[in-house]
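To keep things clear, I will list the structure first and then write my remarks on it.
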Amino acid sequence: MKRAQVCVVLGCCFGMAMTAQTQSRKAGLWEVTSNMTWQQSPFPAGMSGPPNSPFGGGAHTNSVCITQEQIDKFGAPPPQTRGDCQVTNVAKQATGMTAEITCSGSMSGKGTLVASWTDEDHTVSKMHFTGTLQAGPSPKPVEWTVDSTSVFKSADCGNVKPIAAPGK
């Protein structure tokens with residue numbers, strides 16, 4: 001199995017869970033802390049992914065820049081799809097959003113995302129994904145969950161670049 005491919009494909013979906021939970025009314029810099037749990041891992045027993053990967057156990061914190069356009073369209077930022085994953089059925093509410101993600105290619109499957117705004121500066125989200133990952137001659141089943149929290153930091157993103165919006 002090519003670890004780089006796994007990271008790129010899973011990063012698309014992980015990005016959604018990390019970023020789709022930001023507050024629906026504020027553009028700018030957010031600090032996102034996420035914890036990924038594998039229910040069914042494609043990695044050999046005892047291995048949780050490449051070294052320093054967000055796909056292993058434990059919390060990972062990132063700074064994320066969200067544009068007003070992304071907030072207006074999605075109620076939260078879209079994931080970086082890199083062409084293999086599409087976000088559909090986005091439903092925005094005053095206190096949160098839900099969406100579905102469908103991936104094809106070396107990783108295929110479906111996921112659901114539920115995010116809620118606890119106040120204008122804090123959010124929580126949960127994404128669950130089930131599918132398969134092409135690893136060698138036969139696909140391996142995968143299932144994972146990402147639980148995240150976000151805290152608004154500033155209207156100025158500084159040197160953090162905005163997340164790229166999906167093409168569709």
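The values are calculated or read from the model by the stated rules, or taken from the named source; none is laboratory data. All of these numbers come straight from a predicted model, not from anything done at the bench. Please note: Cβ atoms are built from the backbone with ideal geometry, for glycine as well, and neighbour counts cover all protein chains shown.
Of the listed requirements (1) surrounded by fewer than 16 Cβ atoms within 10 Å (Cβ to Cβ); (2) over 14 Å from the mean Cα position of the chain (by Cα); (3) modelled with pLDDT of 90 or more, T61 misses just one: (2).
All but one of (1) of a type in the set (G, A, S); (2) at pLDDT below 85; (3) over 18 Å from W38 (Cβ atoms) hold for A91, so report the exception by its number. The one condition A91 does not meet is (2).
Looking only at the range 147-161, filter to residues that are of a type outside the set (A, V, I, L, M, F, W, C) and surrounded by 15 or more Cβ atoms within 10 Å (Cβ to Cβ); which one of those is nearest to P42 (Cα to Cα)?
Within the range 147-161, the first condition is being of a type outside the set (A, V, I, L, M, F, W, C), and the residues that meet it are 147-150, 153-154, 156, 158-159, 161.
If we keep only those that are surrounded by 15 or more Cβ atoms within 10 Å (Cβ to Cβ) too, we end up with 147-150, 153.
Working: D147: 20, S148: 22, T149: 26, S150: 28, K153: 35 Å.
Ranking the candidates gives D147 first.
Please enumerate the residues belonging to the range 115-146 that are at pLDDT below 90, surrounded by fewer than 16 Cβ atoms within 10 Å (Cβ to Cβ) and within 14 Å of the chain's Cα centre (by Cα). Correct list: V124 only. In the range 23-31 there is at least one residue that is in contact with a Phe, Trp or Tyr (Cβ under 9 Å, 6 or more places away or on another chain), modelled with pLDDT under 55 and of a type outside the set (A, V, I, L, M, F, W, C). Only residues that are in contact (Cβ under 8 Å) with a residue 40 or more places away in the chain and at positive phi were counted in the range 97-118, giving 1.
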